[in-house]
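Let me begin by presenting the structure, written as structure tokens, before commenting on it.
The values are calculated or read from the model by the stated rules, or taken from the named source; none is laboratory data. Predicted, not measured: the structure shown is a model, and the values here were computed from it. In case anyone asks, the SASA skips ligands and DNA or RNA and just uses the protein heavy atoms, side chains included. Shrake-Rupley method; radii C 1.70, N 1.55, O 1.52, S 1.80 Å.
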Amino acid sequence: MTEQERIDALKVVTSVIERCERIQSKFAPGTSQHTLLKNRIQALKMGSALLGGGDMVKDCDPTLTPALEPLASIIRKCKKARSKYEPGSGQYNRYGGTIRAIELSRELIENELHRRSL
């Protein structure tokens, strides 16, 4: 991954985190929607920390493995939503950028887990 890809992915992931945090406040704590967003935000923050090269991930060892499923869920949902648009359209391209950014985050988490298992 190039430095520019990392920077672009970090911008997208940061944007997704902000949107999730904004929406989360609309749901009551304890509801399934609130918990889903909480898990997504936590997973996205892990990916963001790794994309940014930060040390925050060291403090969150137990949360790395559970972070994979929320990221996979975001990827699946974005791919499904993207399939409703024509290739080349603005919406199609926007989802494509989000998918790439989340896939990079997921890949970095998987690499970190693999590195720690050695």
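Observations, loosely collected:
- By accessible area, using a 1.4 Å probe on protein heavy atoms only, the chain has 53% of its surface on carbon and sulfur.
- Taking a ≥ b ≥ c as the square roots of the eigenvalues of the Cα gyration tensor, an a/c ratio of 1.5 or more together with a/b no larger than b/c marks the chain as oblate.
- Whole-Hz ³J(HN,Hα) from phi, Karplus 6.51 cos²θ - 1.76 cosθ + 1.60, for segment 97-114, glycine and proline x: x, 5, 4, 4, 5, 5, 4, 5, 4, 4, 4, 5, 5, 4, 5, 5, 5, 5
- Entries in 11/77; 26/84; 45/84; 38/79; 11/84 that, when Cα-Cα distance is taken, lie over 23 Å: 26/84; 45/84; 11/84
- For the chain, the solvent-accessible area of protein heavy atoms averages 61 Å² per residue (probe radius 1.4 Å; ligands and nucleic acids excluded).
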